[in-house]
1. Given a cut-off of under 8 Å on Cα pairs at least six residues apart, what relative contact order in percent is computed for the stretch 3-96?
2. Just subtract the alpha-carbon distance of Tyr42 and Met20 from 0.36 nm times their residue separation and send over the number in nm, one decimal.
3. Give me the number: length gained by fully extending Met92 to Trp78, i.e. 0.36 nm times residue separation minus the C-alpha to C-alpha distance, one decimal in nm.
4. Among (i) -0.42, -1.05, -1.16; (ii) -0.67, -1.16, -1.21; (iii) -0.39, -1.33, -1.50, which is the computed log10 I(q)/I(0) by the Debye sum over Cα atoms at q = 0.12, 0.22, 0.24 Å⁻¹?
5. Suppose every Lys and Arg Cβ carries +1 and every Asp and Glu Cβ carries -1, with no other charges. What dipole size does the chain come out with about its Cα centre, to the nearest 20 debye?
6. Add -39500 (n - 2.57) for each DSSP H run of 4 or more in the chain, then divide by its residues: what number comes out at 222 nm, to the nearest 500 deg cm²/dmol?
Amino acid sequence: MTITRYIQKWQKEFIHNYYMYIPLTIILQSCLGSIAAMYILYQGINWVSGLELTVCTVLCMGYNAAILAQADRKLGFWLLMISLIVNSLLIMINLVL
C-alpha cells in the first residue's frame, strides 16, 4: 500500500468518526505541542527558539481553533497532520541539539 492510500484511509476514518476523534486529537495534539514547547525552551532563549515556539504555538492553536469553529472536516484533518508532523520534528531537532 502506498502512502497516499494510507492517508486517504486515515482521512476517511477521521471524517467518519469525527466526533469521536475531536477530544482524542485535541488532547494528543496539545500534549505533543506542549512537549515540543518544553524542549524548545530547554535550548535557551534566542531568535531561533522564538521562531520555533511561534510555529509550534500557531499550529496547535490553529487546529484547536478549527475544531472549535467547526471548520471543514478535511481542513481539520490536514491541520492535525501538519501539526503532529511539525511538532514531532521540532521535538527531534531539539533533542539532538
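Computed from the coordinates by the stated procedures, all read-outs in this text should not be read as laboratory data. What you are looking at is a predicted structure, and each value in this text was computed from that prediction instead of being measured. So basically every Cβ, Gly included, is an ideal-geometry build from the backbone, and we count neighbours across all protein chains shown.
1. Relative contact order of the stretch 3-96: 38 percent.
2. 4.5 nm
3. 2.9 nm
4. Correct label is (i).
5. With Lys and Arg at +1 and Asp and Glu at -1, about 340 debye.
6. Calculated mean residue ellipticity at 222 nm is -30500 deg cm²/dmol.
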